[in-house]
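The values are calculated or read from the model by the stated rules, or taken from the named source; none is laboratory data. This is a predicted model, so every value here is computed, not measured. With ideal geometry, Cβ positions are generated from the backbone for all residues, glycine too; neighbour counts draw on all protein chains shown. These area figures cover heavy atoms from the full protein model, side chains too; ligands, DNA and RNA do not enter into them. Shrake-Rupley method; radii C 1.70, N 1.55, O 1.52, S 1.80 Å.
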Amino acid sequence: MIEKRDIDLILNNPIDWEKFRNKTVMVTGATGRLGMYIIEALIKADIDWNLSLNVIALARNEQKMEQIFGEDLKLPNVHAMVQDITEQVNWEGQLDYIFHTAGPASPSDFTDTPVDTLWAHVQGTRNVLELARNKNAMVFYVSTVETYGEWKEDRGLKEDDMGPIHCDQARACYPEAKRLCETMLASYEAQYGVSYMGVRLCHTFGPGIALTDGRAFAEFLSDVIEGKDIVLQSDGSAMRTYTYVADAVGAMLVAVTKGKDHYYNVANLDNLISIRDLAELIAGLDPKKKVKVQYAPSAGKLKYLPFKLGIMDVSRIEQLGWKPQVGLQDAFRYTLMSFMQRG
């Protein structure tokens with residue numbers, strides 16, 4: 001399911017793979033768009049550099065795990081763990097790193113099941129931290145630009161910035177849960193000495209995304225696949241940065257092996273584009289050249305973010321040598337191709 005091209009992109013980063021020699025790494029959310037790339041990159045690096053690395057893939061759906069990883073699950077150093085992250089996590093052997101990527105993160109989750117979204121993040125992160133505490137493992141946490149809240153200043157968001165979030169809205173279930181998880185990490189470090197690090201991502205996508213999760217770009221891609229016109233529910237003026245999944249995972253592995261700070265912003269600032277222009281770009285990928293962009297009064301059911309996100313400053317991760325490699329055109333073309341090849 002994962003293209004060799006994408007794994008090569010990840011490995012084409014200044015990652016200190018020696019940090020993983022003779023180590024055991026657990027990845028939660030193993031079948032998600034980030035988790036599966038982390039696992040495949042670790043497997044490839046283990047083969048290339050003979051790292052004697054053990055990988056534990058934790059996910060809820062055994063069938064999906066087999067579909068994504070296939071023969072890799074038969075490797076002696078790859079271990080599948082099928083369970084819900086909201087249940088206690090036990091591992092008998094050595095454990096050195098936990099990449100915690102599990103948790104609902106789509107607009108449809110926030111709209112339809114805000115309570116489940118909230119507790120999945122909070123309970124899941126607590127279970128990960130308790131495991132890390134018992135095993136003296138490091139936690140690498142995948143956070144989000146939404147933790148910064150509303151940002152009105154005309155400069156990039158740095159890792160120490162923080163804006164307000166209206167906590168009296170159900171839509172806050174996601175950013176407030178992620179904020180609480182970051183506080184939990186800091187608290188477990190202060191009280192129990194659990195080491196941690198993380199990234200805050202902005203609109204990361206690629207093969208493996210769900211086309212029905214309510215994200216604008218996912219809806220655009222779905223329209224192209226179905227040959228339908230893209231209908232914008234706004235004027236499309238909002239600006240976003242979009243980062244290809246292989247670039248994001250490369251940044252994560254650079255951060256965990258070379259970084260010293262707790263958090264690193266990750267975004268491809270070259271891929272800054274308005275929703276309107278993004279719709280036109282994705283429509284232009286239609287192989288039959290029939291999909292057009294239209295505008296309609298807002299009538300959507302989804303509870304979209306009630307404030308405009310700021311653009312992140314990524315100088316901290318760039319100082320470690322990370323540079324994004326995939327531009328917008330290629331990123332969305334790769335993603336669209338992954339769905340068309342399945343069909």
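Is the shape of segment 60-140 best called rounded, prolate or oblate, per the rule: a/c under 1.5 gives rounded, else a/b larger than b/c gives prolate, else oblate, with a ≥ b ≥ c the square roots of the Cα gyration tensor eigenvalues? Intermediate results must be reported in sequence, preceding the final value.
On the way: a/c = 2.50, a/b = 1.23, b/c = 2.03.
It comes out oblate by the Cα gyration axes.
Just name one of ILE2, GLY70, VAL293: the one whose Cα is farthest towards the positive end of the charge dipole of the chain (beta-carbon charges, Lys/Arg +1, Asp/Glu -1).
VAL293
How much mean residue ellipticity at 222 nm does the chain get from its helices, if each DSSP H run of length 4 or more adds -39500 (n - 2.57) and you divide by all residues, to the nearest 500 deg cm²/dmol? All intermediate terms of the calculation are to be shown ahead of the outcome.
Numbers: 11 runs with 132 residues, N = 343.
Taken over the chain, the calculation gives -12000 deg cm²/dmol.
What's the longest piece of the chain with no exposed GluC sites (Glu not before Pro), counting a site as exposed if DSSP puts it in a loop and it has at most 13 other beta carbons within 10 Å? List each step's numbers first, then the result.
On the way: sites that count: GLU87, GLU92, GLU153.
Longest run free of exposed loop sites: 154-343.
Based on the alpha-carbon set only, what is the convex hull volume of the chain divided per residue, in Å³?
Values: hull volume 44.7 nm³, N = 343.
Roughly 130 Å³ of hull volume per residue.
Where nothing but the Cβ of Lys and Arg (+1) and of Asp and Glu (-1) is charged, how large is the charge dipole of segment 199-343 around its Cα centre, in debye to the nearest 20?
Numbers: 18 positive and 15 negative charges, 37 e Å.
So the magnitude is around 180 debye.
When ligands, DNA and RNA are left out and all protein chains stay put, how many square angstrom of accessible area per residue does segment 149-198 have with a 1.4 Å probe?
Value returned for segment 149-198: 53 Å² of accessible area per residue.
Under 30 Å from the Cα of LYS23, which lysines turn up, not counting those fewer than eight places away in the same chain?
LYS4, LYS44, LYS64, LYS74, LYS135, LYS178, LYS258, LYS260, LYS323
If you fit an axis through the alpha-carbon atoms of helix 216-226 and take the longest principal axis of the Cα set of the chain, what angle between them do you get, 0 to 90°, nearest 10?
70
Rounding to the nearest 20 debye, state how big the charge dipole of segment 123-224 is about its Cα centre with +1 on each Lys and Arg Cβ and -1 on each Asp and Glu Cβ. Working shown, then result.
Values: 11 positive and 15 negative charges, 78 e Å.
With Lys and Arg at +1 and Asp and Glu at -1, about 380 debye.
So in the chain, what percent of DSSP beta bridges are antiparallel if you round to the nearest 5? Write down the numbers at each step before the final one.
Working: 3 of 37 bridges.
Of all bridge pairs located within the chain, approximately 10 percent are antiparallel.
Probe radius 1.4 Å, ligands and nucleic acids ignored: give me the carbon and sulfur share of the accessible area of the chain as a rounded percent. Don't skip to the answer; put the middle values down first.
On the way: 7300 of 15410 Å².
Roughly 47 percent, rounded to a whole number.
State, as an integer percentage, the relative contact order of segment 53-208 based on alpha-carbon contacts under 8 Å between residues 6 or more apart. Please list the in-between numbers first.
Working: 206 pairs, mean separation 36.1, N = 156.
Rounded, it is 23 percent for segment 53-208.
Expected output is a single nm value to one decimal: the length gained when fully extending between LYS290 and ARG133, i.e. 0.36 nm times separation in residues minus the C-alpha distance. What is it?
Details: separation 157, 0.36 × 157 = 56.52 nm, distance 5.53 nm.
Length gained between LYS290 and ARG133: 51.0 nm.
Which residues' amide hydrogens lie under 5 Å from the amide hydrogen of ILE56, considering only partners 5 or more residues apart or on another chain, with H built in the peptide plane?
It is VAL25, MET26, VAL27, HIS79, by chain and number.
If each residue of separation counts as 0.36 nm, what is the full-extension length gain between ASN50 and GLN67 once their alpha-carbon separation is subtracted? Walk me through the numbers on the way to the answer.
Numbers: separation 17, 0.36 × 17 = 6.12 nm, distance 2.59 nm.
Extending this stretch completely gives an extra 3.5 nm.
Give the lysines reachable from LYS152 as a straight Cα distance under 17 Å; neighbours fewer than 8 places away on the same chain don't count.
LYS308
Hey, can you find the accessible area per residue of segment 216-337 for me, probe 1.4 Å, expressed in square angstrom? All intermediate terms of the calculation are to be shown ahead of the outcome.
Numbers: 5470 Å² over 122 residues.
Per-residue accessible area for segment 216-337 comes out at 45 Å².
Dividing the alpha-carbon radius of gyration of segment 9-58 by 2.2 N^0.38 Å (N being the number of residues), what value is obtained? Provide the component values of the computation, followed by the final result.
Numbers: Rg = 10.4 Å, N = 50, 2.2 N^0.38 = 9.7 Å.
Its radius of gyration relative to the 2.2 N^0.38 Å reference: 1.07.
Any idea what the dipole of the chain comes to, in debye rounded to 20, about its Cα centre with Lys/Arg Cβ at +1 and Asp/Glu Cβ at -1? Spell out each step's value before the answer.
On the way: 37 positive and 46 negative charges, 67 e Å.
Using Cβ point charges on Lys, Arg, Asp and Glu, the chain gives about 320 debye.
How big is the Kirkwood radius of segment 155-300, worked out from every pair of different alpha carbons and given in Å to one decimal?
Details: mean 1/r = 0.0561 Å⁻¹.
About 17.8 Å for segment 155-300.
What's the FRET efficiency of MET340 with ASP277 using the Cβ-Cβ distance as r and R₀ = 25 Å, to the nearest 0.05?
Numbers: r = 23 Å, r/R0 = 0.90.
Calculated transfer efficiency: 0.65.
Just name one of VAL199, GLY327, GLY163: the one whose Cα is farthest towards the positive end of the charge dipole of the chain (beta-carbon charges, Lys/Arg +1, Asp/Glu -1).
GLY327
Between LEU269 and ASP16, what FRET efficiency comes out of the Förster formula 1/(1 + (r/R0)^6) with R0 = 25 Å and r the beta carbon distance, rounded to 0.05?
Values: r = 25 Å, r/R0 = 0.99.
E(calc), rounded to 0.05, equals 0.50.
Charges on Cβ only, +1 for Lys and Arg, -1 for Asp and Glu, centred on the Cα centroid of the chain; of LEU131, ASN13, GLY227, which one is farthest towards the dipole's positive end?
So the residue we want is GLY227.
Relative contact order for segment 204-343: what percent, with Cα pairs under 8 Å and sequence separation of 6 or more?
Worked out over segment 204-343, it gives 37 percent.
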